[in-house]
Amino acid sequence: MIRRRKTRQIRVGDVKIGGAAPISIQSMVKRDTSDVKATVAEIKRLERAGCEIVRVAIKDRDDALAVRAIKRNIKIPLVCDIHFDHRLALACIVAGADKIRLNPGNIRKREEITAVARAAKRAKIPIRIGVNSGSAGSSKPQALVEAAKSYVKILEALDFRDIIISLKASDVISTVEAYRQMSEFCDYPLHLGVTAAGPHESGIVKSAIGIGSLLLDGIGDTVRVSLTSDPVEEVGAAKRILGSLGLRNFGPDIISCPTCGRCQVDLIEMVKRVESGLKTKKDITIAIMGCEVNGPGEAREADIGIAFGRNSGLLFKKGKVVKKVAAKDAVKSMLKEIRKI
Ligand code: SF4
């Protein structure tokens with residue numbers, strides 16, 4: 001059981017971040033924000049995939065002007081990502097942004113930060129202090145933390161405490177160390193992520209290690225997995241990270257063996273069919289095992305399990321053998337038993 005660090009609670013639209021709120025899943029649109037139709041279509045796909053907060057890049061006035069129309073067509077809170085020009089943040093706040101992300105690496109003037117903080121306070125929306133190694137000039141954890149701390153001080157001096165912090169380096173160790181240091185310094189909620197994590201496979205591995213290590217320490221209130229890939233995959237990866245640690249429930253957990261020369265059925269195909277045939281969102285464990293070495297043990301521990309032998313399998317339910325099924329009928333039988341739970 002992971003004991004989560006106590007943080008203050010911040011609201012982004014109707015999603016709570018921090019405190020006892022579930023760790024939320026974020027992603028980012030990869031389309032030109034001023035193309036409202038394409039942006040809304042991507043956000044709709046993300047909503048269906050389970051994304052809970054979405055961010056768009058605001059690179060110019062046209063993007064900021066698109067925010068109002070985007071907001072009208074989506075359900076989840078919208079975060080506007082601002083770099084270089086604080087006036088774009090002001091325009092997005094007027095247009096109805098639910099949160100503003102500022103980068104301390106490129107919006108540095110105190111009067112500009114003040115203007116954004118005052119407007120955010122009037123609109124009752126939070127600001128994410130989003131430090132990145134690329135714009136902080138260093139990926140040293142200390143440099144990331146110092147950049148965030150000096151921004152926190154400016155905002156607190158303005159009596160602005162609706163703050164979320166991220167400290168993303170592209171290497172896992174610096175990222176983890178930066179978040180650990182920051183979590184000792186303040187109780188603002190932390191948005192976890194490893195920036196520029198890379199293409200699909202390496203991105204998922206880096207994110208799972210970085211985000212997962214922090215979550216195991218009880219650190220982190222919202223997560224974004226960054227992949228050079230379809231953003232829907234970012235949401236899937238984030239769900240798996242949170243689900244594997246028991247921090248959120250996104251439906252059944254499948255335990256299946258990697259198979260080896262002992263396995264005498266097409267287990268890989270069966271696992272795929274069970275996974276795609278699952279309709280339930282219940283928090284249950286399903287074990288699908290290739291032979292009698294570990295099979296019966298794992299199957300007995302699961303809510304539903306099957307351990308195969310030669311062309312047939314023993315189907316377990318809550319630790320008891322329910323029946324022996326032919327391999328060709330195994331998927332159908334399992335799905336039927338799962339529906340009964
Ligand atoms: Fe191989 Fe059996 Fe272990 Fe699966 S459970 S990996 S088939 S020994």
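The values are calculated or read from the model by the stated rules, or taken from the named source; none is laboratory data. Not measured: the values here are computed from a predicted model. We place every Cβ from the backbone using ideal geometry, glycine too, and count neighbours over all the protein chains shown. Each accessible area value is taken on the protein alone, full model and side chains, heavy atoms only, with ligands, DNA and RNA left out. Shrake-Rupley method; radii C 1.70, N 1.55, O 1.52, S 1.80 Å.
So the values come out like this:
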{"read-out": "Residue within region 246-264 that is touching a Leu at 6+ places or on another chain (Cβ under 6 Å), within 28 Å of Ile163 (Cβ to Cβ) and surrounded by 16 or more Cβ atoms within 10 Å (Cβ to Cβ) present", "value": "yes"}
{"read-out": "In region 250-265, residue farthest from the ligand (Cβ to nearest atom) [restricted to those that are assigned to a loop (DSSP other than H, G, I, E, B) and closer than 30 Å to Arg48 by Cβ]", "value": "Phe250"}
{"read-out": "Unique match (being open to solvent by 30 Å² or more (accessible area, probe 1.4 Å), of a type in the set (Val, Ile, Thr) and assigned to a helix (DSSP H, G or I)) among Ile338, Ile268", "value": "Ile268"}
{"read-out": "Residues being of a type in the set (A, V, I, L, M) and within 13 Å of the ligand (Cβ to nearest atom) - total across region 266-302", "value": "9"}
{"read-out": "Test: residue in region 125-147 that is open to solvent by less than 10 Å² (accessible area, probe 1.4 Å), over 16 Å from Val56 (Cα atoms), part of a helix (DSSP H, G or I) and not basic (Lys, Arg)", "value": "yes"}
{"read-out": "Residue that is of a type in the set (A, V, I, L, M, F, W, C) and closer than 22 Å to Ala20 by Cβ, where the choices are Ile255, Ile241", "value": "Ile241"}
{"read-out": "Output for region 94-112, where each listed residue is touching a Lys or Arg at 6+ places or on another chain (Cβ under 9 Å), within 22 Å of Thr195 (Cβ to Cβ) and of a type in the set (A, V, I, L, M)", "value": "Ala97, Ile100, Leu102"}
